[in-house]
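In what follows, a single structure is set out as C-alpha cells and then discussed.
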Amino acid sequence: MRKTTPIITAFARSPDRGRGLARDMRVRWALEEVGQPYEVRLVSFGEMKESAHRALHPFGQIPTYEEGGLALFESGAIVLHIAERHAGLLPDNASARARAITWMFAALNTVEPPIFERTIATLVERDKTWYEERLPILEDRVRVRLGELSSRLGDADWLDDAFSAGDLLMVTVLRRLNGSGLLDGYPNLSAYVARGEARPAYKRAFAAQLAVFTGKPPTG
Ligand SMILES: N[C@@H](CCC(=O)N[C@@H](CS)C(=O)NCC(=O)O)C(=O)O
C-alpha cells in the first residue's frame with residue numbers, strides 16, 4: 001500500500017505565541033515520537049469557521065488530521081490513531097495497552113476539564129464582578145486532581161511503567177498550568193512535565209510549532 005504523508009492543521013497565529021499549548025502540539029509530538037513525517041496546513045480563525053474546514057472538523061477547530069482518504073478531528077482520537085499504527089506509544093501487552101489508553105482518557109476527560117475551565121476563566125472572565133471569588137474555587141478543583149495524580153505517580157517516571165500516549169497527553173494537559181504556580185505544590189508532577197519536555201521528540205514538535213509563530217526555521 002502506498003504510504004501517504006499525514007497533513008495536520010494548526011493555528012496560523014496561535015494565541016500562546018507558539019509555546020506548545022495549542023492542541024496540534026499533541027499530534028506533532030506523537031508523530032515525532034513514532035518518526036512519522038507530516039505536513040502542516042495553517043488556518044486562520046476565520047478559515048476554521050468556514051464550511052471547507054468544518055467538513056473536516058464539525059466544531060470549527062484545530063487540530064485535524066488527514067491521511068489518504070481518512071479525516072480525523074479530536075486530538076485524543078488522532079493521537080490514539082497514530083499510536084495504534086506505529087510502535088512506540090502503546091505497549092504490545094494487551095493489558096498494559098488498555099491501561100495506557102485509560103490514561104489517555106483520564107488526561108482528557110478527568111484532568112483537562114478543570115484545568116481548561118480555569119484557563120478560560122483567566123482569559124475571558126477577568127473583568128467580571130465575580131472573577132476574584134470564582135478563581136479560587138476553580139483552582140481548588142484543579143488542586144484536587146493534581147493531588148490525586150501526584151499520589152498515583154509517586155516517584156515513578158511515567159504513569160504506567162514505560163512512557164506512553166497516556167503520558168504524552170497528560171504532560172500536554174499539565175503544561176496548561178505553566179505560569180499559574182499551581183504545579184509548584186507537586187514537585188513530582190513538575191518533574192514529570194519536565195521529563196516529557198526533555199524528550200527529543202517533544203523538543204522537535206515544540207520547535208516546529210514555535211517556528212510557525214516566529215517565522216524562523218525550527219532550531220530544536
Ligand atoms: N477537544 C478538542 C478541542 C479542540 C480545541 O479546543 N482546539 C482549539 C485550539 S487548542 C481551537 O481550535 N480553538 C479555536 C476555537 O474553538 O474557535 C481536541 O482535543 O482536539
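Rule-based calculations on the coordinates, nothing more; no lab input. Just so you know, these numbers come straight off a predicted model, no measurement behind them. Every residue, glycine among them, receives a Cβ derived from its backbone with ideal geometry; neighbour counts consider all protein chains shown.
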### Task
Please go through the stretch 1-58 and pick out each residue that is basic (K, R) and either more than 15 Å from the chain's Cα centre (by Cα) or over 23 Å from G88 (Cβ atoms) (or both).
R2, K3, R13, R17, R19, R41, K49, R54
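Within the stretch 203-218, can you find the residues that are part of a loop (DSSP other than H, G, I, E, B) and small (G, A, S)?
Within the stretch 203-218, G215 is the sole residue that qualifies.
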### Message
What are the pairs with Cβ atoms under 8 angstrom where one residue, in the stretch 59-85, is closer than 13 Å to T9 by Cβ and of a type in the set (D, E) and the other, located anywhere, is near the ligand (Cβ under 10 Å from one of its atoms) and not in a loop (DSSP other than H, G, I, E, B)? Sequence gap at least six, or different chains.
### Response
E66/L72
### Task
Six or more apart or on different chains, Cβ under 6 Å: which pairs go from a residue in the stretch 150-173 that's closer than 17 Å to A198 by Cβ to one that's surrounded by fewer than 18 Cβ atoms within 10 Å (Cβ to Cβ) and of a type outside the set (A, V, I, L, M, F, W, C)? Could you list them?
L153/N188
### Message
Could you check the stretch 191-202 and list, in sequence order, the residues that are assigned to a helix (DSSP H, G or I) and more than 14 Å from the chain's Cα centre (by Cα)?
### Response
A191, Y192, A194, R195, P200
### Query
Looking only at the stretch 173-203, which residues are basic (K, R) and crowded, with 17+ Cβ neighbours inside 10 Å?
R175, R176, R199
### Message
Take the conditions closer than 28 Å to T9 by Cα, free of Cβ contacts under 8 Å to residues at least 24 places away in the same chain and more than 16 Å from the ligand (Cβ to nearest atom) and apply them to G88. Does it pass?
### Response
no
## Note on the structure
Selection over the stretch 129-164 where residues are under 20 Å from P15 (Cβ atoms) and over 21 Å from the mean Cα position of the chain (by Cα) yields a count of 2
### Filtered residues of the stretch 4-56 (kept if touching a residue at least 60 places away in the same chain (Cβ under 8 Å), more than 16 Å from T214 (Cα to Cα), in a loop (DSSP other than H, G, I, E, B) and within 10 Å of the ligand (Cβ to nearest atom))
R23
### Query
With (1) loosely packed, with under 15 Cβ neighbours inside 10 Å; (2) near the ligand (Cβ under 9 Å from one of its atoms) as the list, and I62 as the residue in question, which single condition is left unmet?
(1)
### Message
Residue under question is G76, and the condition is that it be loosely packed, with under 12 Cβ neighbours inside 10 Å, within 15 Å of the ligand (Cβ to nearest atom), in a helix (DSSP H, G or I) and of a type outside the set (K, R); does it hold?
### Response
no
### Query
What pairs can you find where one residue is in the stretch 193-217 and closer than 17 Å to G35 by Cβ, the other is surrounded by fewer than 16 Cβ atoms within 10 Å (Cβ to Cβ) and hydroxyl-bearing (S, T, Y), and their Cβ atoms are less than 8 Å apart, with a gap of 6+ or different chains?
A207/T219
### Query
If you take the residues of the stretch 91-103 that are assigned to a loop (DSSP other than H, G, I, E, B) and of a type outside the set (D, E, K, R), which of them is nearest to the ligand (Cβ to nearest atom)?
P91
### Query
Looking at T5, is it closer than 21 Å to R204 by Cβ and surrounded by 19 or more Cβ atoms within 10 Å (Cβ to Cβ)?
no
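Scanning for something within 17 Å of L108 (Cα to Cα) and not β-branched (V, I, T), does the stretch 204-217 turn up at least one residue? Please lay out each step first, then the result.
Step one: filter the stretch 204-217 for residues within 17 Å of L108 (Cα to Cα), giving none.
The answer is no, given that none of the residues of the stretch 204-217 is within 17 Å of L108 (Cα to Cα) and not β-branched (V, I, T).
Is it the case that V142 is under 24 Å from V27 (Cα atoms), assigned to a helix (DSSP H, G or I) and touching a helix residue (DSSP H, G or I) at 6+ places or on another chain (Cβ under 8 Å)?
When the stated conditions are applied, V142 does not pass them.
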